[in-house]
């Protein structure tokens, strides 16, 4: 088992063959009450969990949005787009099978963003990221990451998996920033900066 905190720095993933990162959130009415507030809660808000595979300093593949298996071999798989945040458990998940990640991929940056126009972190509450050791088909939670509710930003770099020789390390980042909504290049620039 691994245990991750931002303060501890990168953790060795020795023995971890599969890793999952999930994001969950609840819709909020913002400052609206009454009927409008109920309608906003029912409609929910759309946050997106995105994994960006990097080759050195260049983003080369993106898991999330409309790309669920960008490597085409099941090594980096997104669960699909939850556009409301309703329901229990993780709303979106990315799973990595390290042995099948192509050798040219040097790192994977996991980002949660209010990426689509009209969505925002302010329209969500109880946002949390969970990291699981999914080796052997079971999922054991190894970290719980909670971003600040005070941020006006719309992106959060959650964690980064880095190849070190033939092994991988995982670092908790939990840093927020602004990403131009609807702009995939802005999303990739945000990943590169982390």
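Exactly one of (1) modelled with pLDDT under 90; (2) under 23 Å from residue 68 (Cβ atoms); (3) not in a strand (DSSP E or B) is unmet by residue 151. Its number?
(2)
Note down all Cβ pairs under 9 Å where the first residue falls in the range 97-108 and is over 14 Å from residue 167 (Cβ atoms), the second is exposed (fewer than 13 other Cβ atoms within 10 Å of the Cβ), and they're at least six residues apart or on different chains.
97/73; 97/74; 100/73; 100/74; 102/73; 104/56
Go through 113, 191, 134 for me and flag whichever is closer than 24 Å to residue 27 by Cα, modelled with pLDDT of 85 or more, surrounded by 13 or more Cβ atoms within 10 Å (Cβ to Cβ) and touching a strand residue (DSSP E or B) at 6+ places or on another chain (Cβ under 6 Å).
Every option except 113 fails the conditions.
Just the residues that are surrounded by 13 or more Cβ atoms within 10 Å (Cβ to Cβ) and at pLDDT below 95, please, taken from the range 40-60.
Those that are surrounded by 13 or more Cβ atoms within 10 Å (Cβ to Cβ) and at pLDDT below 95: 40, 41, 43, 44, 45, 46, 47, 48, 49, 50.
Considering the range 123-135 alone, what residues qualify as being in a helix (DSSP H, G or I) and over 13 Å from residue 96 (Cα atoms)?
Answer for the range 123-135, where residues must be in a helix (DSSP H, G or I) and over 13 Å from residue 96 (Cα atoms): just 123.
From the list 175, 142, which residue is part of a strand (DSSP E or B) and more than 20 Å from residue 48 (Cβ to Cβ)?
On the way: 175 fails: more than 20 Å from residue 48 (Cβ to Cβ).
Just one listed residue meets the conditions, 142.
Of all residues in the range 13-39, which are assigned to a loop (DSSP other than H, G, I, E, B), surrounded by 14 or more Cβ atoms within 10 Å (Cβ to Cβ) and modelled with pLDDT under 55?
Across the range 13-39, the qualifying residues are 29, 30.
Can you say whether residue 169 is in contact with a strand residue (DSSP E or B) (Cβ under 8 Å, 6 or more places away or on another chain), surrounded by 15 or more Cβ atoms within 10 Å (Cβ to Cβ) and not in a loop (DSSP other than H, G, I, E, B), as far as the supplied structure shows?
The answer is yes for residue 169.
Which of the residues that make up the range 117-131 are over 10 Å from residue 154 (Cβ atoms) and more than 14 Å from the chain's Cα centre (by Cα)? Steps first, please.
Applying the first criterion (over 10 Å from residue 154 (Cβ atoms)) to the range 117-131 yields 117-118, 123-131.
The answer is 117, 118, 123, 124, 125, 126.
Scanning the range 178-188 for residues that are crowded, with 16+ Cβ neighbours inside 10 Å and farther than 17 Å from residue 58 by Cβ, which turns out modelled with the highest pLDDT?
Once the filter is applied, the top-ranked residue is 179.
The values are calculated or read from the model by the stated rules, or taken from the named source; none is laboratory data. Values in this document were obtained by computation on a predicted structure and should not be read as measured data. Note: ideal-geometry Cβ built from the backbone for every residue, glycine included; neighbour counts use all protein chains shown.
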